[in-house]
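Visitor: Sharing a structure here in structure tokens format.
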Amino acid sequence: MRKIIAAFNLTLDGFCDHTAINPDEEIHDHYSQLIRNSSLALYGNTTFQLMKFWQELVANPSGEKSLDEFAKVMDQIPKIVFSNQLKTTAELAWENASLASESLEETVRDLKSQAGGDVLVGSRSLIVQLTNLHLIDEFQFCIHPIMAGKGLPFFDQIPEKHDIQLRQTKTFGSGAVLLTYSCL
């Protein structure tokens with residue numbers, strides 16, 4: 001049975017804003033390893049469009065080892081995209097990406113019942129929906145030492161209590177802290 005892992009970067013005040021944080025080499029290395037240990041990634045349309053940045057980095061490496069390695073593993077992992085805007089796989093412009101043919105709930109329930117590697121969820125909207133459906137097995141929140149003061153709040157659409165258990169912490173040299181929780 002596969003495990004569904006929600007992995008996300010947050011500011012200290014709980015906002016999702018990729019422009020407010022600056023992941024360092026250590027954090028890129030962590031996420032590269034997480035992706036290598038997984039067999040599939042799920043994205044919503046907005047996050048998928050942001051992830052396409054890594055395609056360009058594969059084609060034109062930066063020379064920074066951790067960034068270039070992250071770009072390679074991001075390029076290689078198969079992706080399923082949940083989108084109401086995209087209608088064909090040609091619009092995805094990523095060879096190993098496909099559009100979901102079923103609802104998020106049906107797709108994830110099916111994936112969980114299959115043998116295979118872990119499934120990463122890297123979009124806020126999908127993580128919120130799957131949390132509310134009780135389909136997340138593990139959360140990995142990387143909390144960055146930045147208070148954005150504004151932006152998209154991560155937890156504002158989770159209306160009920162969810163019991164989780166802290167399994168592991170890791171502090172990065174930048175001061176960011178990775179909190180890994182199992183869902184109960």
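The values are calculated or read from the model by the stated rules, or taken from the named source; none is laboratory data. As the structure is a prediction and not an experimental result, all values here were calculated from the model. Methodologically, a virtual Cβ is constructed for each residue, glycine included, from the backbone with ideal geometry; neighbour enumeration extends over all protein chains shown. Ligands, DNA and RNA are excluded from the accessible area calculation, which covers all protein heavy atoms including side chains. Shrake-Rupley method; radii C 1.70, N 1.55, O 1.52, S 1.80 Å.
Visitor: Rounded to the nearest percent, how much of the accessible area of the chain (1.4 Å probe, protein heavy atoms only) is carbon and sulfur?
Guide: Carbon-and-sulfur percentage of accessible area, whole number: 51.
Visitor: Within the stretch 1-105, which chymotrypsin sites (Phe, Trp or Tyr not before Pro) sit in a loop by DSSP and count at most 16 neighbouring Cβ atoms inside 10 Å?
Guide: Sites meeting the loop and neighbour criteria: none at all.
Visitor: Within a Cβ distance under 12 Å of VAL81, other residues only, what is the Lys/Arg minus Asp/Glu net charge?
Guide: After counting each charged neighbour, the total is +2.
Visitor: Per residue of the chain, what 222 nm ellipticity follows from adding -39500 (n - 2.57) for every DSSP H run with n ≥ 4, rounded to the nearest 500?
Guide: -9000 deg cm²/dmol
Visitor: If you build a Gaussian network model of the chain, linking Cα atoms that sit under 10 Å apart, which residue out of GLY63, GLY122, GLY44 swings the most?
Guide: Maximum among the listed residues: GLY63.
Visitor: Moving on. Under a GNM of the chain (C-alpha, springs under 10 Å), which listed residue has the highest mean-square fluctuation: THR88, THR131, THR169?
Guide: Judging by the Gaussian network model, the answer is THR88.
Visitor: Quick check: net charge around GLY149, other residues with Cβ under 13 Å of its Cβ, Lys/Arg +1 and Asp/Glu -1?
Guide: -1
Visitor: Please list, or write none, the lysines whose alpha carbon is within less than 29 Å of the alpha carbon of LYS79, excluding same-chain residues fewer than 8 places away.
Guide: Answer for LYS79, where 29 Å is the Cα cut-off: LYS3, LYS52, LYS65, LYS87, LYS112, LYS170, listed by chain and number.
Visitor: How much net charge surrounds TRP94 when only other residues with a Cβ under 12 Å from its Cβ are counted (Lys, Arg +1; Asp, Glu -1)?
Guide: -2
Visitor: Classify the stretch 117-172 as rounded, prolate or oblate from the Cα gyration tensor: take a ≥ b ≥ c as the square roots of its eigenvalues, call it rounded if a/c is under 1.5, otherwise prolate when a/b beats b/c and oblate if not.
Guide: In terms of gyration-tensor shape, oblate.
Visitor: Still on this model: Using the Cα gyration tensor of the stretch 1-91, with a ≥ b ≥ c the square roots of its eigenvalues, what is the shape: rounded (a/c below 1.5), prolate (a/b larger than b/c) or oblate (neither)?
Guide: rounded
Visitor: Something else: Which residue, ILE143, ILE80, ILE158, tops the fluctuation ranking in a GNM of the chain built on C-alpha contacts under 10 Å?
Guide: ILE158
Visitor: Can I ask one more? Pick the calculated semi-axes √(5λ) of the Cα gyration tensor in Å for this structure from [x] 23, 22, 16; [y] 30, 17, 14; [z] 42, 19, 17?
Guide: Recomputing semi-axes √(5λ) of the Cα gyration tensor in Å here gives the entry labelled [x].
Visitor: I'd like to check one number: the per residue accessible area of the chain, probe 1.4 Å, reported in Å² as a whole number.
Guide: 52
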